Amino acid sequence: MIRENKTVELFGTIGPACSSQNVLEDMLREGMTGIRLNLSHSGLKESAGMLEAFAKAREKTGIHAELLIDLQGPELRSGPLAGPLFLHEGDKVRLVSTGHQEKEDIPLPDEVLRAVRAGDHILLDDAGMELIACGDADVVKACDAAGDVLALPGTVLRGGTLGSRKTVRIPERDIRMPVLTSEDIRNLHEAGKYGVTAVMQPFVTSGKDLSDVRSVLARNSLVSARVFAKIENRRGAAALEDIAEYADMIVIARGDLGSDVPLWELPAVQKDIAARCRKMNKPFLVVTQMLTSMITNPVPTRAEVSDIFNAVGDGASALMVTNETAVGSCPAQVIRYLKRTAETAVRFYAGAVPAFRA
């Protein structure tokens with residue numbers, strides 16, 4: 001049962017749309033309690049200008065907001081592109097090693113290219129686009145043995161616009177990557193001087209994953225930093241109780257999670273994780289497409305505010321928006337709707353009389 005005085009933490013994501021001090025001040029005044037920096041796209045050093053603006057905004061408003069860094073972790077991502085790549089249904093494409101692509105190629109990690117088989121489906125950018133591999137690992141091995149760039153043919157099943165460093169998933173394959181990348185370790189080494197107060201680990205599948213992260217934090221004098229564990233696949237959901245022992249916050253990350261389970265099952269998975277977190281008295285955060293229409297529109301959809309309301313009703317201790325503030329047209333309005341909807345939900349579930357009945 002939600003207490004009437006329950007406070008829901010509200011995280012925005014910093015990016016080009018909210019990189020100025022004035023916009024960040026507006027977001028803080030609207031109720032933002034923390035900001036996320038996605039290190040899959042840029043490191044702490046490269047983001048120093050935005051982080052300085054955030055620090056000044058906190059000082060100006062007198063609001064102490066959390067700085068949460070979202071590490072790269074074992075997440076698979078496509079490589080950098082010179083510009084947007086437009087994919088159309090039926091297009092024939094070439095999947096190549098990152099860093100060796102030509103203009104129309106799709107750069108992928110070698111681990112993906114070596115694991116894929118003919119007929120495998122490759123999901124890009126939170127499953128917004130879908131390819132099918134027309135070659136398999138035997139083709140890759142032959143290229144590899146010859147010392148050539150790894151490459152596979154593919155066909156576009158569901159098109160879209162592919163940008164740099166978007167998520168990659170092959171539902172048929174379990175591709176294991178190191179818990180922390182070399183870039184993650186470098187960023188954790190520098191985290192203290194940038195005022196980082198929390199760390200989000202992607203694709204957590206065991207308590208040991210977080211134990212490894214905490215060991216690196218300890219070596220860098222960051223033992224007080226909160227650790228957020230992103231649940232992004234079936235393995236993570238199955239190991240939730242083990243993970244929760246090492247996590248300060250469980251993150252129901254619906255982007256990749258919604259690529260690992262049938263999309264129509266995602267609400268049931270979300271509610272199951274929420275119920276188990278409540279049973280353990282473990283705080284949890286809900287993220288992904290909370291207010292995605294507000295990337296371009298000043299007002300959200302009815303479905304989006306209902307989604308926020310229901311997440312709070314399920315016991316969420318925190319909510320997070322991503323592209324809505326990072327690249328959206330109205331970052332402060334996003335936080336306003338997030339805040340007001342969460343507050344209304346808290347009052348309603350605590351038994352307050354709805355305004356329309358007062």
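Quick check: is even one residue across the stretch 16-30 touching a Cys at 6+ places or on another chain (Cβ under 8 Å) and not small (Gly, Ala, Ser)?
yes
Exactly one condition in (1) under 22 Å from Phe348 (Cβ atoms); (2) surrounded by fewer than 14 Cβ atoms within 10 Å (Cβ to Cβ) is not met by Glu241; state its number.
For Glu241, the exception is condition (1).
Can you give me the number of residues within the stretch 179-197 that are within 10 Å of Gln72 (Cα to Cα) and among the acidic types (Asp, Glu)?
Selection size over the stretch 179-197: 2.
If I ask for residues that are farther than 25 Å from Lys166 by Cα and surrounded by fewer than 20 Cβ atoms within 10 Å (Cβ to Cβ), which ones from the stretch 32-52 would you list?
Thr33, Glu52
Residues checked against (1) at pLDDT below 95; (2) touching a Lys or Arg at 6+ places or on another chain (Cβ under 7 Å); (3) more than 28 Å from Leu124 (Cα to Cα):
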position	(1), (2), (3)
Leu180	yes, no, no
Ser206	no, no, no
Ser211	no, no, yes
Ala218	no, no, yes
Val227	no, yes, no
Ile250	no, yes, no
Asp256	yes, yes, no
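I need every pair where a residue in the stretch 280-302 that is more than 30 Å from Glu245 (Cβ to Cβ) has its Cβ under 7 Å from the Cβ of a residue that is surrounded by 14 or more Cβ atoms within 10 Å (Cβ to Cβ) and charged (D, E, K, R), sequence separation at least 6 or different chains.
Short answer, once both residue conditions are applied: Leu291/Glu304; Leu291/Glu324; Thr292/Glu324; Ser293/Glu304; Met294/Glu324; Ile295/Glu324.
Mind listing just one residue for me: the one in the stretch 123-139 that is touching a Leu at 6+ places or on another chain (Cβ under 7 Å) and of a type in the set (Gly, Ala, Ser) and, of those, surrounded by the fewest Cβ atoms within 10 Å (Cβ to Cβ)?
Gly135
Has the stretch 251-263 got at least one residue that is part of a helix (DSSP H, G or I), over 17 Å from the mean Cα position of the chain (by Cα) and surrounded by 19 or more Cβ atoms within 10 Å (Cβ to Cβ)?
no
Being surrounded by 19 or more Cβ atoms within 10 Å (Cβ to Cβ) and over 24 Å from Arg278 (Cβ atoms) is the filter here; which residues of the stretch 293-315 pass it?
Residues satisfying the conditions are Met294, Ile295, Pro300.
Residue by residue through the stretch 76-122, note down the ones that are of a type in the set (D, E, K, R), part of a strand (DSSP E or B) and loosely packed, with under 14 Cβ neighbours inside 10 Å.
Lys92 - this is the single residue of the stretch 76-122 that is of a type in the set (D, E, K, R), part of a strand (DSSP E or B) and loosely packed, with under 14 Cβ neighbours inside 10 Å.
Tell me which residues, restricted to the stretch 225-250, are part of a loop (DSSP other than H, G, I, E, B) and of a type in the set (Asp, Glu).
Glu232, Glu245, Asp248
How do the pairs read when you match residues in the stretch 250-278 that are under 19 Å from Leu319 (Cβ atoms) with residues anywhere that are in a helix (DSSP H, G or I) and modelled with pLDDT under 95, using Cβ under 6 Å and keeping only pairs 6 or more apart or on different chains?
Leu266/Gly258
Considering only helices (runs of 4 or more DSSP H) fully contained in the stretch 265-340, which possess at least 2 residues that are out of contact with any His (no Cβ under 7 Å at 6 or more places or on another chain) and over 26 Å from Gly128 (Cα atoms)?
Helices (runs of 4 or more DSSP H) meeting the threshold: 266-280, 302-313.
Output the residues belonging to the stretch 1-31 that are surrounded by 16 or more Cβ atoms within 10 Å (Cβ to Cβ), of a type in the set (Val, Ile, Thr) and closer than 27 Å to Cys277 by Cα.
Ile2, Val8, Thr13, listed by residue number.
Can you tell me how many residues in the stretch 139-162 are assigned to a loop (DSSP other than H, G, I, E, B) and at pLDDT 70 or above?
4
The values are calculated or read from the model by the stated rules, or taken from the named source; none is laboratory data. Everything numeric in this text was worked out from a predicted model, so none of it was measured. Note that each Cβ is placed from the backbone with ideal geometry, even for glycine, and that neighbours are counted across all protein chains shown.
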